[in-house]
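Everything on this sheet refers to the single structure shown next.
The values are calculated or read from the model by the stated rules, or taken from the named source; none is laboratory data. Nothing here was measured: the structure is a model prediction, and the numbers come from that model. Here the Cβ positions follow ideal geometry from the backbone for every residue, glycine too, while neighbour counts run over all protein chains shown. The accessibility values were calculated without ligands, DNA or RNA, using every heavy atom of the protein model including side chains. Shrake-Rupley method; radii C 1.70, N 1.55, O 1.52, S 1.80 Å.
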Amino acid sequence: MTNLSVDAIAQVEQPLPGAPNNWKRFFSFSTDHKVIGIQYLVTSFFFFLIGGIFAMIIRGELITPEADLLDRAVYNAMFTMHGTVMLFLWTFPSLVGLSNYLVPLMIGAKDMAFPRLNAAAFWMVPVFGVILMASFLVPGGPSQSGWWAYPPVSLQNPTGNLINGQVLWILAVAISGVSSIMGAVNFVTTIARMRAPGMTWFRMPVFVWTVFAAQIIQLFGLPALTAGAVMLLLDLTVGTSFFDPAKGGDPVLFQHFFWFYSHPAVYVIILPIFGIFSEIFPVYARKPLFGYKVVAISSLIITGLSGIVWVHHMFASGTPGWMRMVFMATTMLISVPTGIKVFAWVATIWGGKLRLNTPMLFALGGLVMFVFAGVTGIMLASVPFDIHVNNTYLSWGTFTM
Amino acid sequence: MVGTLTYSVLFQQAGKYDYSDGPDIEGNVTLEVVWTVIPFVLVIWIAGYSYQIYDQMSILGPMEHVHMGMATAAAAPLTESAAPISDQKSIEHIDVYARQWAWEFHYPQSAITSTELHLPNRQRIQLALHSEDVLHGFFVPAFRVKQDIIPGQAIEFEFTPIREGRYRLRDSQYSGTYFATTQTDVVVESPEDYQQWLATSATQPPVAAYNQAFDEYQQAHNPISTGWKIVEPASPPMVNYPSSSPSSPVSNP
């Protein structure tokens, strides 16, 4: 902890060392991690606005119970696209962008381990974004099977066209998966191998710890989702029968593939946010983070547990009783490392000299919201309760958080 | 926790020109152990308690209960399990067919069909859930029961209704365009009324029941229509007893 005063830092003009002051580099195949970080952030914010418009249209329809604004098919397309855009084109890329910008700076590396891979991973984002949006233009409209795309609904192809909304959707998700795997390889290698001399594991900033933990999840989880997406694509286009019950496939298998990644995915989202909390609270409370080591390690515990909780999304889909119980227990356990973090933040703030600037206000609001959302998470984990509220607005509320 | 935060925010703000650091506290091992162990114990307790409730809900074999109505869930089954339930041999077998987008119920014992699920009160109900196309979900909110229906296999599902009334059956697993219309009523009535209903229905010739999805599809009347091709709804089911309140608005007891 240095004693530099806040004003002294703010008054210094922040130069961009070595960077040509030229906006065109943001549209180039630049391999500079800071440029890529900004590219990610701006692109994802653009799609965030699009996803927001979809949400407003959904809300507009929901003003009255009757279908008086949208046709049922359009409504279903809207919530499918809203979910997909918000996840794959907003939360993931925006956090990856932030991590891209900060991680090399924080660990004292010159750049990411594989700069060209980094740029390639970014440029896949606008590509699959455009593919996804293009699905509005194909006959039959975009995918209407929800962002979860459970077969057989997602395998029904009413238009009979080979190029339809669902195919484009799956293609976009598969490309997004490949892009994120490339990003994950890059982050894990960078953090593990490129720390500056003297930067031992337990001297890393907590944000770097959380990015590390989140990207490990991407590494083990995403291949499952991407494989599931490819199998679904084959089912839909060349007529294999991995998931089609009419031809002897198993639709529940897809749910396993899907949730094996898509549950840990929420930790991919929340872990860097935890990292941001862990950086903001000490700064604006003028106190060191309470229990740094435990907070750092708890991220890795979350990573470990996140791999064994996915069936809690499938309590109602014909899972045997023992499986429900096992996954209920693991799901509840994951609240322990999360609780450690929350308590540590409260202890960090306690007794400090608080400065309620915008970042601090956002972080405090985020923390309180997270605590409430976390409580509903434990409620949902309890099987008897889940059987009632599964697939209802409560789980939606937990998720949206 | 929120209280602690609020206190800090209200009373521990830095003074206007105070740019000094706060107290240099790096952590406290005892405190950290305490706030790891307490949530851990709590979580184990909640898991154990949930397991118990789950046990009461479904592992009790033929005497298994499903809480009905809005009664307090935990108390009802315990006190009422002593009350005589019709003897176990008279289990009602009912076949449930879900399709895009209708529910149809077959009563094999009296060879009748219906689009409304009638159940005798206080009798063991054994449903065989079938889906003819995609995933559906059998969900009666008032019963607190839910089961996904997977096409290609019959799923056995058992429960015992304990309170007469009219409830709403919904589809809980997204099933495509007219998903929201896949709902109907569940009528729980006394065994006598139920037998009576079976007998009268058996004399009725099968008629095409009203089906909202089919009806809407035939006369698409939405203000903004894109003409996107969608999966065609199945034709209305031919049943002896069409649901009495086909377009009943959302009525949750």
request  = Using only Cα atoms, find the angle between the long axis of helix A:165-193 and the longest principal axis of chain A, and express it within 0 to 90 degrees, rounded to the nearest 10.
outcome  = 30 degrees
query = Whose amide H sits under 5 Å from the amide H of B:Phe159, counting only residues 5 or more places off or on another chain, with H placed in the peptide plane?
reply = B:Ile125, B:Leu127
task = Please give every one of the aspartates and glutamates within straight-line cross-link reach of A:Lys293, meaning a C-alpha to C-alpha distance under 18 Å, and leave out same-chain neighbours fewer than 8 residues apart.
result = A:Glu279, B:Asp24, B:Glu26, B:Glu32
ask   = Each label point is 7 Å from the Cα along the Cα-to-Cβ direction; what then is the distance between the points at A:Ile163 and A:Ala134, in nm?
value = 0.7 nm
task = Calculate the mean, over all residues of peptide B:130-138, of how many other protein chain Cβ atoms lie within 10 angstrom of the residue's Cβ.
result = 4
task = For A:Lys353, list the lysines whose Cα falls under 18 Å from its own Cα; do not include residues on the same chain fewer than 8 positions away.
result = A:Lys287, B:Lys16
query = Could you name the lysines in cross-link range of A:Lys34, using Cα to Cα under 24 Å and dropping any fewer than eight places away on the same chain?
reply = A:Lys24, A:Lys110
Acute angle (nearest 10 degrees) that the helix A:335-349 long axis makes with the longest principal axis of chain A, alpha-carbon atoms = 30 degrees
Cα shape, region A:31-262, gyration tensor, a/c 1.5 rule = prolate
key: Net dipole in debye of region A:31-262 [+1 Lys, Arg Cβ; -1 Asp, Glu Cβ; about Cα centre; nearest 20]   = 920 debye
remark   = Each label sits 7 Å from Cα toward the beta-carbon; between A:Phe27 and B:Leu10 the label points are separated, in nm, by 5.4 nm
note = Filtering trypsin sites (Lys or Arg not before Pro) in region A:30-120 by DSSP loop and by at most 12 other Cβ atoms within 10 Å leaves A:Lys110
note = Expected sort for A:283-293, B:188-198, B:162-172 on mean C-beta neighbours within 10 Å, highest first, is A:283-293, B:162-172, B:188-198
task = Take peptide A:320-333, look around each residue's Cβ out to 10 angstrom, count Cβ atoms belonging to other protein chains, and average those counts.
result = 3
ask   = When Cβ neighbours within 10 Å are restricted to other protein chains, what is their mean count per residue of peptide A:145-155?
value = 4
inquiry  = Report the B-A buried area as the accessible area lost on both sides summed, probe 1.4 Å, in Å² to the nearest 100.
reply    = 6500 Å²
ask   = Carbon-plus-sulfur fraction of the accessible area of chain A, 1.4 Å probe, in percent?
value = 73 percent
remark   = With every protein chain kept in place and a 1.4 Å probe, region B:109-243 has an accessible area per residue in Å² of 39 Å²
